[in-house]
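Worksheet for the structure shown next.
The values are calculated or read from the model by the stated rules, or taken from the named source; none is laboratory data. All values reported here derive from a predicted model rather than from experimental measurement. Cβ coordinates were reconstructed from backbone atoms using ideal geometry, including for glycine residues, and neighbour counts include every protein chain displayed. The accessibility values were calculated without ligands, DNA or RNA, using every heavy atom of the protein model including side chains. Shrake-Rupley method; radii C 1.70, N 1.55, O 1.52, S 1.80 Å.
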Amino acid sequence: MKDEIVNGIRPDCEALRTDFLSQHALIIAANWGPVIFERDEDGSLHFQHVAGGLVTALTSVCHYTDATWITCAQTEADAAWGEGHIPLPESGHSIQVQFLSPEASAYEGYANVIANPLLWFLQHSMWDVPRAPVINRATWRAWEDGYIAVNRLFAEAIAHQVRAADRPGLVMLQDYHLYLTPRFLREKLRRRERPTVLHFIHIPWPGPEYWRILPPAMRRLILEGLCAVDVLGFQTEEDGLNFIRTCESHLPRASVNYKRGRIWYRNHATHVRDFPISIDVATLRQEAESPEVAWHRSEIEAMVGDQQLILRVDRSEPSKNIIRGFRAFEEMLELHPEHRGRVRFLAILVPSPPGVHQYPNYMDELMAATGRINASYGDSQWEPIRLLVSDDYPRSIAALQCYDVLLVNAIVDGMNLVAKEGPIVNQRNGVLILSERAGARQQLESGAIVISPCDVYATAEALHQTLVMPTEERRRRAERLRWLVEREDITDWLCRQLEAVSELNIG
Ligand code: F6P
């Protein structure tokens with residue numbers, strides 16, 4: 001179904017972006033907005049752009065048309081600013097941002113009881129089921145007065161924008177915070193007012209068995225919500241198939257067609273597709289040439305000296321499997337002592353942005369593991385693991401330029417964009433060790449060394465194998481990875497979604 005791609009650009013993409021988008025009123029809805037406001041000491045408000053895969057990808061969509069972005073206020077300053085235009089100087093377009101301000105208790109239930117812990121853990125297969133989750137009265141209250149209420153609020157705001165628009169609406173909903181919004185939106189609008197709804201899910205979708213953790217009423221409302229979408233996008237084919245299987249098991253009146261990737265429910269067709277998200281290769285390359293990156297690079301080179309560098313760059317989050325990564329490094333030092341003193345493990349840990357559930361003990365556990373390994377194997381001349389906690393993107397890019405081995409061993413990950421950024425900026429023919437459960441595996445496995453994330457022994461052996469890999473094989477793998485990322489970059493992600501909408505002739 002895919003067109004031939006030349007130098008990463010699909011031939012019909014330009015037309016889709018300019019014509020198709022300009023014929024529609026684009027409305028994005030996501031828990032996170034493109035900017036976050038802060039209040040200065042003198043009381044004035046100023047904003048900062050928000051980093052992260054989801055926001056970067058969607059902001060790039062707004063470079064092609066004036067869009068409205070509906071989101072939840074994350075700060076008091078967001079709520080005070082309320083609504084207005086944020087210019088995008090690079091493209092001459094702007095984003096009309098609208099912050100919703102649910103009651104604090106509703107937001108708490110929606111984000112910090114249901115979405116971030118309950119759904120995130122479920123979809124990352126991380127619940128320790130004999131002990132957790134405990135779904136009690138407070139959880140049910142958070143579901144009713146938080147998750148349902150905030151999803152209704154989104155649906156109302158979107159319906160208002162759709163009615164006010166002078167063109168047919170194209171609504172791009174994002175992720176696990178807004179599973180109920182599509183059905184509420186359909187219920188609010190008359191048939192002829194209804195927009196085309198695309199919902200993209202950035203995180204993995206596990207099989208039907210795992211969804212049994214949720215009580216049937218919650219599970220059902222989530223599936224009914226998503227079966228009101230026109231095009232439902234996942235990161236990988238497997239996630240999409242898991243969704244269809246989940247509907248088949250848990251939504252009795254749904255009729256599913258695996259071959260066509262389609263679900264009929266209540267007289268409505270939902271088309272299930274995979275749109276692997278990616279990075280903006282050209283912009284990343286530009287950023288990699290900045291003086292700031294060069295400065296950090298010399299700092300990192302001085303730190304590493306003539307040793308080899310194993311690198312990881314992650315949000316400090318349990319699903320990234322950081323501690324098993326350290327254990328694998330420790331096991332490698334045990335099994336292959338010739339690496340002692342000759343390799344360093346640099347872990348750059350990026351704190352989660354505001355509004356994302358923080359895991360207080362996780363950082364302590366990470367530090368304890370690092371301290372123990374450094375004490376056992378290091379000495380005054382050699383520190384085996386260096387932990388840097390920082391949200392300094394230029395420094396992360398600089399480190400990515402310098403790795404010999406990039407470790408991405410997530411327990412499970414929707415995509416993992418570091419696995420795509422690394423090969424683009426790296427200058428040492430670095431090798432990627434990639435978890436078989438990261439979405440990026442679907443595209444990158446032919447260039448990476450794939451490991452099973454819980455298998456510390458195999459990860460240790462993979463670290464050794466990559467450190468001693470012959471130069472020619474390293475070069476071949478690095479070239480392959482670069483090519484794979486270049487041919488399906490962020491433009492492709494957007495175009496495949498627009499293509500799916502236009503091909504189905506429902507726009
Ligand atoms: O879709 C963008 C993305 O960053 C994915 O790469 C990732 O799996 C998902 O969203 C979750 O985000 P995070 O990288 O913060 O875990």
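Note the full-extension length gain between Val129 and Ala217 as 0.36 nm times their separation in residues minus their Cα-Cα distance, in nm to one decimal.
Result: 29.8 nm gained on full extension.
Please identify every one of the trypsin sites (Lys or Arg not before Pro) in segment 138-229 that sits in a loop by DSSP and has no more than 15 other beta carbons within 10 Å of its own beta carbon. Don't skip to the answer; put the middle values down first.
Values: sites: Arg141, Arg152, Arg163, Arg183, Arg186, Lys188, Arg190, Arg191, Arg192, Arg212, Arg219, Arg220; in loops: Arg190, Arg212.
Passing sites in segment 138-229 are Arg190, Arg212.
In whole angstrom, how far apart do the alpha carbon centroids of segment 143-199 and segment 252-314 sit?
26
For Ser91, Ser22, write out the residues from largest to smallest accessible area, computed with a 1.4 angstrom probe and no ligands counted. Walk me through the numbers before you get to the answer.
Numbers: Ser91 40, Ser22 60 Å².
Sorted descending by solvent-accessible area, the residues read Ser22, Ser91.
Would you kindly state the longest site-free stretch of the chain, with sites defined as chymotrypsin sites (Phe, Trp or Tyr not before Pro) in a DSSP loop (not H, G, I, E, B) surrounded by at most 16 other Cβ atoms within 10 Å?
Details: sites that count: Trp127, Tyr258, Trp382.
Within the chain, the longest run free of exposed chymotrypsin sites (Phe, Trp or Tyr not before Pro) spans 128-257.
Evaluate E = 1/(1 + (r/R0)^6) for Ala104 and Val468, where r is the Cβ-Cβ distance and R0 equals 56 Å; express this FRET efficiency to the nearest 0.05.
Values: r = 55 Å, r/R0 = 0.98.
Result of the calculation: an efficiency of 0.50.
Taking 0.36 nm per intervening residue step and subtracting the Cα-Cα distance, what contour gain separates Tyr210 from Asn136 on full extension?
So the extension gain works out to 24.8 nm.
On full extension of the chain, what length is gained from Glu334 through Arg428, given 0.36 nm per residue of separation minus the C-alpha to C-alpha distance?
31.2 nm
Give me the tail of P(r) for segment 135-226 as a percent: Cα-Cα pairs with distance above 24 Å.
Values: 1070 of 4186 pairs.
Tail of the P(r) past 24 Å holds 26 percent of the pairs.
Return the carbon/sulfur percentage of the accessible area of the chain, one whole number, probe 1.4 Å, all protein chains in place.
Answer for the chain: carbon and sulfur cover 49 percent of the accessible area.
For segment 268-358, state which trypsin sites (Lys or Arg not before Pro) are in a DSSP loop and have at most 13 other beta carbons lying within 10 Å of their beta carbon.
Those satisfying the criteria are Arg342.
Restricting to segment 9-138, what percent of DSSP beta bridges are antiparallel, rounded to 5?
50
Please state, rounded to one decimal and in Å, the Kirkwood hydrodynamic radius that the chain gives when every pair of distinct Cα atoms enters the mean of 1/r. If you can, show how the numbers build up before the last one.
Values: mean 1/r = 0.0419 Å⁻¹.
Here the Kirkwood hydrodynamic radius works out to 23.9 Å.
How high is the FRET efficiency from Arg386 to Glu287, r the C-beta distance, R0 25 Å, rounded to 0.05? Provide the component values of the computation, followed by the final result.
On the way: r = 23 Å, r/R0 = 0.93.
Here the calculated transfer efficiency is 0.60.
If I model a spin label as a point 7 Å beyond the Cα along the Cα-Cβ vector, how far apart are those points for Glu193 and Ala368 in nm?
5.6
Starting from a Cα-only point model with no solvent, please compute log10 I(q)/I(0) by Debye for segment 283-487 at q = 0.08 1/Å.
Ignoring solvent entirely, the Cα scatterers give -0.24.
Kindly report the accessible area of segment 283-487 per residue (heavy atoms of protein chains, probe 1.4 Å, no ligands, DNA or RNA), in Å².
41
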